[in-house]
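Participant: Take a look at this one; I'll ask things after.
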Amino acid sequence: MSYLTEEDILEIRDNVRLLSIKDIDDISHYSFNSNIEEYNKFLEIANKFYDLNISKTFLLIHRETNELLAYMTLSADSIKLSKREKEVHDIGKVPYASIPALKVGKLAVNKAVSKKVARKGYGSFMLEIARAYAFGMNEFGVACRFITVDADIEYDANTPQFYVKNGFVENLEYKSRNAKYTISMRKDIFTSD
């Protein structure tokens, strides 16, 4: 589930380019301000994490204005679910403690964009891209059932609501070790409601 309609997704898709951080010669040529300094500065080291295979960073660039609209990092993950949580996802009989997932490590939207491209649902669009990557993993022979995220509440207590409106639920049984700063959440990629 995404709060974006199919028409919203198609409109955004037609107006943006998705690039790897490796496709950009110099990220400093792009202005980016998420209003969170940690997220702004991450772009300076994203290439290093990419090269070390820690996380892959993807950039959303507006085709017409060439503005950097948003970015996200992806990496492999697994999630532990209780028997009760597995039953919610119709995988109650799976004997494994950990279920394969794709982690959205960082997701940031540029707050300093032109009026022409402002407030279009770019963060939700990036989550749709993550879901597409998760399906792609399955097609290439690598199992993936969930998208996971540690919703950052250190800077904004409302961050989990963004993920909820995009179909994520809180992991109640096995919480993140950083529960003081984040809330561990998941989305079943096979659930559309």
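The values are calculated or read from the model by the stated rules, or taken from the named source; none is laboratory data. Keep in mind it's a predicted model, so treat the numbers as computed, not measured. All Cβ positions, glycine included, derive from the backbone under ideal geometry; neighbour counts span all protein chains shown. All accessible areas refer to the heavy atoms of the entire protein, side chains included, with ligands and DNA or RNA removed. Shrake-Rupley method; radii C 1.70, N 1.55, O 1.52, S 1.80 Å.
Participant: What number comes out for accessible area per residue over the chain if the probe is 1.4 Å? Units Å², please. Please report the intermediate quantities before stating the final value.
Facilitator: Numbers: 10940 Å² over 193 residues.
Using a 1.4 Å probe on heavy atoms only, each residue of the chain averages 57 Å².
Participant: What is the local net charge at Glu6, summed over the other residues whose Cβ is closer than 13 Å to its Cβ (Lys, Arg +1; Asp, Glu -1)? Please report the intermediate quantities before stating the final value.
Facilitator: Details: positive: Arg13; negative: Glu7, Asp8, Glu11, Asp14, Glu128.
Net of charged neighbours comes to -4.
Participant: Can you tell me the Rg and the Dmax, both Å, for the Cα atoms in segment 98-193?
Facilitator: That works out to 14.2, 44 Å for Rg and Dmax.
Participant: Next question. Could you run the Karplus curve 6.51 cos²θ - 1.76 cosθ + 1.60 with θ = phi - 60° over segment 32-42 and give me ³J(HN,Hα) per residue in whole Hz, x for Gly and Pro?
Facilitator: These are the phi-based 3J(HN,Hα) values: 8, 9, 8, 6, 10, 4, 4, 6, 5, 6, 4 Hz.
Participant: If you stretched the chain out fully between Asn40 and Lys83, how much longer would it get, using 0.36 nm times the residue separation minus the C-alpha to C-alpha distance? Intermediate results must be reported in sequence, preceding the final value.
Facilitator: Working: separation 43, 0.36 × 43 = 15.48 nm, distance 3.89 nm.
So the extension gain works out to 11.6 nm.
Participant: Determine the gain in length on full extension of the stretch Arg17-Ile91; use 0.36 nm per residue of separation and subtract their C-alpha separation, reporting nm with one decimal.
Facilitator: Numbers: separation 74, 0.36 × 74 = 26.64 nm, distance 3.60 nm.
Extending this stretch completely gives an extra 23.0 nm.
Participant: Let me ask something additional. Express the carbon and sulfur contribution to the solvent-accessible surface of the chain as a percent, rounded to the nearest whole number, probe 1.4 angstrom.
Facilitator: Numbers: 5530 of 10940 Å².
Ligands and nucleic acids excluded, carbon and sulfur reach 51 percent.
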